[in-house]
Structures are given as structure tokens and as C-alpha cells.
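The structure under discussion appears below in the form of C-alpha cells.
None of the figures in this text is laboratory data; all of them are computed from the coordinates on show. Bear in mind the structure is a predicted one, so any value in this text is a computation, not a measurement. Neighbour counts are summed over all protein chains in view; Cβ atoms, including those assigned to glycine, are modelled from backbone coordinates with ideal geometry.
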Amino acid sequence: MTGIARDLNVSTMTIYRRLKRENINLDDLRDKNGEISAHGASVIASLFDATGEQDAQTSETPADNVSQAVEIAVLRERVTALSDRLAAVCDERDRLREQVDRLTGLLEAEQRQRQQLLTDGNQQRRGLFAWLRRR
């Protein structure tokens, strides 16, 4: 939290007050390890971007540069997280394709066996009144 506060050029208390004012729970912004997640950092940074827009129109200050640097870092983290998620989804897709191929092969084998059972010994089909024609 102190790193984010330093990057935004505000105090940690200011961040806590802003989160409280916006009714954002800090625990929702943490990851499994208890650290602020990339999404959490972007939420916190977005709270300060709204006020920074007015400053950016008048003049560019070092605080704006820091804010942009934080935003870039947050976006990089998002890209990394999305890349990891994409890799996981691609692995799942490949696993499902293999399963579909295996099940398709089993279905085709079952259909061949069924076709053989239907045609074995009944090469010549007789009609309903075939027993009359025998005589």
C-alpha cells in the first residue's frame, strides 16, 4: 500500500479515506497472499485519476508522471494476468479437443460394430410374405 501511495504521491491515509468515501472494501482488492492485486492497484489508481484529469489540463506535473507510471505498471500486470489466463484457457481447449477426438473414435467404432451386427447373416432380406413364395 505504501508503494502505491508513494507512486500516486499521496499518503496511505488518503488512500484509505478515498476507499471509504467510495465504499470500496480493501479486502476485495487483495489477492490470495493478502497483497494488493493488479486489479486492486488499478482501482486505487482510478480513484486518483479522476482528480488528476483536472491537473493534467492545466499543466503536467511530476505527480502526473508518477500517476502515468502507476497506470502503466498496472496495465502491464493486467496484460501478464490475461496472458496467464489465456494460456490456461488454451490448455483447457486442447484437453477438451483430445477428449472429443477420443470420444468420436469410440463412437465410430461402436457404429461399425452395430453395422456389422445388423448385416451379419442377413445379407438377403425377405419381405413380409416371403414364406408364401417358398411354396
Amide H partners (placed H, <5 Å) of ARG30, local residues excluded: SER37
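By how many nm would the segment from ARG102 to ASP120 grow when fully extended, if each residue of separation counts as 0.36 nm and the alpha-carbon distance is taken off?
3.8 nm
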Report the full-extension gain for the segment LEU86 to ASP28: residue separation times 0.36 nm, less the Cα-Cα distance, to one decimal in nm. 18.6 nm
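Could you list MET1, MET13 in order of exposure, starting from the residue whose Cβ has the fewest other Cβ atoms within 10 Å?
Neighbour counts put them in this order, fewest first: MET13, MET1.
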A correct fewest-to-most ranking of LEU26, LEU107 by other Cβ atoms within 10 Å would be LEU107, LEU26
For region 5-19, 3J(HN,Hα) per residue [Karplus equation, 6.51 cos²θ - 1.76 cosθ + 1.60, θ = phi - 60°, Hz, x = Gly/Pro]: 4, 5, 5, 7, 6, 9, 8, 5, 4, 5, 5, 4, 5, 5, 4
Using the Karplus curve 6.51 cos²θ - 1.76 cosθ + 1.60 with θ = phi - 60°, what ³J(HN,Hα) values do you get for each residue of region 67-74, in whole Hz, with x for Gly and Pro? 4, 5, 5, 5, 4, 4, 4, 5
